[in-house]
Amino acid sequence: QVQLVETGGGSVQAGGSLRLSCTASGTDTSADFCLAWFRQAPGKEREAVAAYDRAGGSDINYARSVKDRFVISRDDAKNTFYLQMNNLKPEDTATYYCAADRRERRDYCSFRVVGYTYWGQGTQVTVSS
């Protein structure tokens, strides 16, 4: 039983940067989880932008569209993980969601919406050209 809250969205010019935060609370937040960031533009499917490769791991998988521009990090002491977004493009405009799924240690994580059970409320990112 986990609740996730995203913050940090806003409007930025192309080429700018934003950092999104996702803070977790509730039961068993120190357990092993798969953690990921997704985004959804109007009329489009929700898509993964970045996810940890394994529950409790440190390797990260990135969508090709954001690789070398976006970076995931986490602060376990604060029950928070982040999405640093650099060199933003208009195509990055979307509602961004953090997601988590309770897993056994070293389980492989999903790059699909169906692989996650806990979701944040979403935070809007708008990039102008």
task: Calculate how large, on average over all directions, the projected area of the Cα convex hull of the stretch 46-129 is; give the answer in nm² to one decimal.
output: 5.8
field: Nearest-20 debye value, the chain charge dipole, Cβ charges on Lys, Arg, Asp, Glu
entry: 180
- prompt: Which lysines have a Cα less than 29 Å from the Cα of Lys44, not counting those fewer than 8 places away in the same chain?
  reply: Lys67, Lys89
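Rule-based calculations on the coordinates, nothing more; no lab input. Treat the numbers as computed from the prediction; the structure is a model and nothing was measured. Positions of Cβ are backbone-derived with ideal geometry, glycine not excepted, and every protein chain shown enters the neighbour counts.
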